[in-house]
Amino acid sequence: MTLPVLATARHRLHEPGPLGHLGGWRASRDGPGRIDAIERRLREAGVAVQSVEPPPLPPQALLARVHDARYLDFLAQAHAQWRLLPDAGPQVQPHAFAAHRLPGSYPQAIEGRAAMHMQDLLAPIGAGTFEAAMAAAGLAVAAADRVVQGVPCAYALCRPPGHHASADMAAGGTYLNNAALAAERLRQRWPRVALLDIDVHHGHGTQQIFLQRDDVFFASLHRDPRDYYPYASGHAGERGLGAGEGFTLNLPLPAHAAGTAYLRQLERAVQALVRFGAQALVVSLGLDAHQADPARGLALQDADFAAIGRELAGLRWPTVLVQEGGYQAAVVGGSALSFVSAWL
């Protein structure tokens, strides 16, 4: 079996500046070197990586099924409008948050729109952020297109990642929800799609997008959010709302949990997806659960990522792999290769 791996140099257009952290500022972990490391390691092992230049833009109709129209407009215009402000910094970074949003009210000022559409201080918008986010979204949809056309599995090396982005808010270094867009594309062929998130952080944006739906089952394994980002989402009691009740599964793991505990929870997730009757799969492929990752959440090794790859490949569902986290350039390439090699 071959595995198309899609990449684009346009991810380099996203240059996140300092992020808010514990009352101060820190450098972003989402540098271009992490994607370069994955691509380089895969190429060295003989895995073909296709550069897609430029990546196709995600169709507007597909974007509209995942993201709010005003939010998309905000992302497209935010940086240019921000730079017109007197004494504005180089990147859009909110200084207020619209914690209690009322229907019918929407600010005109860019500062107010930032308050509406930016959930935290971890997703600044720079000059090239929107273009890079659109390129990442386009890669995810292109990978889904390959699978719809009959390829068993395709892998999109997306940066910036996407799983914290909700329908109308950027968060956690993410802007457009690449995995949700891929799932929506698969839904155009398969009625029941599973979305499994294995990033060390809970994908609260993805959960929000599908929370009230019964056609996409969202399952997530992540570090327990009681003391870990995103804190207010990803708890075991969150199971969906309305028509979506029972179609969300959160399996939080204690700090520094290792492979044995993780794989037990993965088996629970897989059983739930099988019971759901999934016909296709999207994997939010975060690699930041590695023991050496600066996220310092879980303690997986490359062998564990190989075991995850084998488990999921054994389902034999049409699958899209969407890159999420994984921030230690020295190890992330090896983790990706372990997963891909086991899959193949």
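Taken over region 170-197, the criterion of being under 10 Å from the mean Cα position of the chain (by Cα), part of a helix (DSSP H, G or I) and not hydrophobic (A, V, I, L, M, F, W, C) is satisfied by 178 alone.
Beta carbons closer than 7 Å, at least 6 apart along the sequence or on distinct chains, never pair a first residue in region 258-273 that is farther than 13 Å from residue 301 by Cβ and surrounded by fewer than 20 Cβ atoms within 10 Å (Cβ to Cβ) with a second that is among the polar types (S, T, N, Q) and at pLDDT below 95. Taking residues in region 40-61 that are at positive phi, and partners anywhere that are surrounded by 10 or more Cβ atoms within 10 Å (Cβ to Cβ) and part of a strand (DSSP E or B), not one pair has Cβ atoms closer than 8 Å while being at least 6 places apart or on different chains. Criterion applied to 141, 200, 151 was being modelled with pLDDT of 95 or more, part of a helix (DSSP H, G or I) and of a type in the set (Val, Ile, Thr), and the one residue passing it is 141. Candidates 37, 80, 48: the one that is within 27 Å of residue 146 (Cα to Cα) and exposed (fewer than 13 other Cβ atoms within 10 Å of the Cβ) is 48. Looking only at strands (runs of 3 or more DSSP E) that fall completely inside region 1-97, which ones have 1 or more residues that are touching a Pro at 6+ places or on another chain (Cβ under 6 Å), under 22 Å from residue 117 (Cα atoms) and at pLDDT below 95? Output list reads 24-26.
Could we say that residue 91 is buried (at least 18 other Cβ atoms within 10 Å of the Cβ), more than 30 Å from residue 336 (Cα to Cα) and in contact (Cβ under 8 Å) with a residue 12 or more places away in the chain here? It is true that residue 91 is buried (at least 18 other Cβ atoms within 10 Å of the Cβ), more than 30 Å from residue 336 (Cα to Cα) and in contact (Cβ under 8 Å) with a residue 12 or more places away in the chain. Evaluation of residue 284 against the conditions (1) over 21 Å from residue 149 (Cα atoms); (2) crowded, with 17+ Cβ neighbours inside 10 Å; (3) of a type in the set (Gly, Ala, Ser); (4) in contact with a Leu (Cβ under 8 Å, 6 or more places away or on another chain) shows that the sole unmet condition is (1). For region 177-194, the count of residues that are on the phi > 0 side of the Ramachandran plot and in contact with a helix residue (DSSP H, G or I) (Cβ under 7 Å, 6 or more places away or on another chain) is zero.
For region 209-223, a residue qualifies if it is polar (S, T, N, Q) and assigned to a strand (DSSP E or B), and exactly one does: 220. Out of the residues in region 104-130 meeting the condition of being part of a loop (DSSP other than H, G, I, E, B) and aliphatic (A, V, I, L, M), tell me which one is surrounded by the most Cβ atoms within 10 Å (Cβ to Cβ). Only one residue fits best here, namely 123.
Conditions (1) free of Cβ contacts under 8 Å to residues at least 24 places away in the same chain; (2) in contact with a His (Cβ under 9 Å, 6 or more places away or on another chain); (3) part of a helix (DSSP H, G or I); (4) surrounded by fewer than 22 Cβ atoms within 10 Å (Cβ to Cβ), marked per residue:
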position: 132; (1), (2), (3), (4): no, yes, yes, no
position: 155; (1), (2), (3), (4): no, no, no, no
position: 159; (1), (2), (3), (4): no, yes, no, no
position: 163; (1), (2), (3), (4): no, yes, no, no
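The values are calculated or read from the model by the stated rules, or taken from the named source; none is laboratory data. As the structure is a prediction and not an experimental result, all values here were calculated from the model. Virtual Cβ from ideal backbone geometry, glycine too; neighbours counted across all protein chains shown.
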